[in-house]
Every structure is written in structure tokens, then in C-alpha cells.
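Asker: Before I ask anything, here is the structure I am working with.
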There are 2 protein chains.
Amino acid sequence: MSRSWWSGWRHFTRNTGLSMPQFSILMQVYYRGQCGISDIGEYSQITNAAASQLVDKLTQGGLLERTEDPNDRRVKQLTLTKKARALIDTGMNERYRWVDELSTRLNADQRRKFGEALTTMNEVIRDMDLDSAPKKR
Amino acid sequence: MSRSWWSGWRHFTRNTGLSMPQFSILMQVYYRGQCGISDIGEYSQITNAAASQLVDKLTQGGLLERTEDPNDRRVKQLTLTKKARALIDTGMNERYRWVDELSTRLNADQRRKFGEALTTMNEVIRDMDLDSAPKKR
DNA sequence: GGATATAGTTAAGCACGCTTAACTAAAAAG
DNA sequence: CTTTTTAGTTAAGCGTGCTTAACTATATCC
């Protein structure tokens, strides 16, 4: 397992043809909703140039739509295609499959505790996310 | 937080100068103990050539020692230097610092549940690791 | 002993992510 | 209206990780 995540990632990566930074951008748009190139750059801590290039590949791969913002024609609005959404959902199912495999190794008591733990973690982490999210412009 | 891990990784990466595959190899030797190039390759699912090259950089960086196995002079035994051990321990502390920060946001009850959850997860995951580990040669 | 297999190295070549620098176009400020 | 700022693109160049292919050196098989 200390094993699985990285090599599991590499498995996912090969199937989808996505690199980690690319996937990261997809997830960003997934959670943030529509946003511009600069947002991507800022979030990922890379230059806008780099962000632009990555987004470019994703649009070429049919995963992102890049349209002009009618209010400010400098900014491009990025949105996920259906293909991208499907892909992300698949990725999440992978994750849950992992959890499934894990849970077959648990006895009833462990499984219950584990479920509670995940729930708590989710709640707490959602809180943390909300705290740092609302950087609107 | 969905944010923190990847950009937190990038932070770690910049400070140490280590790439992810490089760090991955270090962790491998850390957990496996002494092993050869082929073991690295097999585990990381890359060719021995690639493994050799990565190990090369790590030895140049003073993180890995590469010595001959006296029993079979074809195989090189990889061992971590003190520097590498220190670095890994630091990395782990980083991780725990993250947990600390998280725990300041929890109330007493949440904190207790969370602690239990982590304990359970650790136990279970350790079991999974043991199951897949003992690939000796 | 000689053939074959195994562990590791080296070099050429490719794709990737990233940065800097030079650029375009639109918006905001004066 | 002109100047300056902001959003994004493009191209050159670098460091990586990776693969294939050719090679060396040791061990094993018959």
C-alpha cells in the first residue's frame, strides 16, 4: 500500500494518458468550476505560460473547453467536457474500489470504525477546504 | 487540502531537490533495507536502465551508497546514507505537522474519533503491507 | 571448458513540465 | 486619448524520467 498509491497512480496515468499536473488541473476545474488560466497558474504555483501550455494539451485531448469570458474578453473560461467528467468519475470509482478491497480484509467491528473514521475525516477536511477556498475575484 | 498534498509535495521537492521517482526509490530502500538495482526496477515498474540512472543521481547527491554484494559480485547493494535517513525523517515530521494543524481544527470529540480512526487504519494497512511484502530472493 | 543467463551500466533519443522573454489584445487609470 | 496594467499565448531552452539497444562482468548450466 505504501506501494500501491504511486504505482497505482502510474497505472491510472498510462490508461488515461494524463500526467499528474494535467490531472491536477482537471481536478481543479472540477472543484472550482469555471475559471481562467491565471487561476490555474496561481493554484498550481506555476507560471501562466506553463498553465496555458498544459491547458492547451488538455483541450487538444478533448477534456477542456476554452471560451472567452463575455464580460472581460481577456480571460478564458475553462470548463470540463463530458469526457473529462466521465474520466474523473472513473478515477473516483477506482479509489473506492481500493477502499472496497481494503474493507474485505476487515472484520465487522473494524469496518464500522473505519467507516466512522472516513466520515469524520471527510467532514473535517471539507471544513478546511471551505476555509481556504473563497478567494473570489 | 485537496489542494495541500500536491503543492505541499512540490514544496518538499524544491527544498530537497528530489523528484518524486527519486524519493520513491529512497522510501523503497528505507522500508526494504538493502537491495539491488533490479529490485528497484521491478518495484517501480521501470526498466533496470532507468533504475540505474536514478540511483546514479541519488548516489551523486550523497543519499545512496552503492557497494558490491560479496556473494554475487554482479549485484550492487544499495544502502541509505545518514543524510538520506535524516531527510526522510524530516519528511515524516512534515507529515505529522500536517496532522497537527488539522487537529487544531477539531474539537475534543472529533479529535478522539480521529485518533481512533488513524490507529485502525494503521493496523489494517500494516496488515496489507505484510501480505504483499515477503518477496525475498 | 564453453554456452547461456543474469545484474548492471551507458548512450541516444523522445516526451514532458517548466521557466524566461517577447509578444498580442483587451481593460483600467490618468 | 494615451499610458499602464492585466490575461493569455508562443517559442527557445533546460532538466527530468523513461525506453531501447549495445555493452561489460559475473554467475550458472551442461
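The values are calculated or read from the model by the stated rules, or taken from the named source; none is laboratory data. Just so we're clear, the structure is a prediction, and the values are computed from it rather than from any experiment. When we count neighbours, we look across all protein chains shown, and the Cβ atoms used for this are built from the backbone with ideal geometry, even at glycine.
Asker: Does residue A:13 qualify as being of a type in the set (S, T, N, Q), within 11 Å of DNA strand D (Cβ to nearest atom), within 14 Å of another protein chain (Cβ to nearest Cβ) and in a helix (DSSP H, G or I)? Don't jump to the end; show me each part of the working.
Answerer: Details: of a type in the set (S, T, N, Q): yes; within 11 Å of DNA strand D (Cβ to nearest atom): yes; within 14 Å of another protein chain (Cβ to nearest Cβ): yes; in a helix (DSSP H, G or I): yes.
Yes; evaluated as a whole, the condition is true for this residue.
Asker: OK, next. Does residue B:104 satisfy being more than 24 Å from residue A:24 (Cβ to Cβ) and more than 11 Å from chain A (Cβ to nearest Cβ)?
Answerer: no
Asker: Hey, could you check region B:39-94 for residues that are within 14 Å of another protein chain (Cβ to nearest Cβ) and away from DNA strand D (no atom under 14 Å from the Cβ) and say which is farthest from residue B:27 (Cα to Cα)?
Answerer: Looking at the filtered set, the residue picked out is B:39.
Asker: Further question: Give, as residue ranges, the helices (runs of 4 or more DSSP H) completely inside region B:23-137 that count at least 2 residues that are modelled with pLDDT under 80.
Answerer: Working: elements: B:37-44, B:48-60, B:82-104, B:108-132.
The qualifying helices (runs of 4 or more DSSP H) are B:82-104, B:108-132.
Asker: Go through the residues of region B:47-60 one by one and say whether even a single one is within 24 Å of residue A:9 (Cβ to Cβ), under 13 Å from the mean Cα position of the chain (by Cα) and touching a residue at least 12 places away in the same chain (Cβ under 8 Å).
Answerer: Within region B:47-60, none of the residues are within 24 Å of residue A:9 (Cβ to Cβ), under 13 Å from the mean Cα position of the chain (by Cα) and touching a residue at least 12 places away in the same chain (Cβ under 8 Å).
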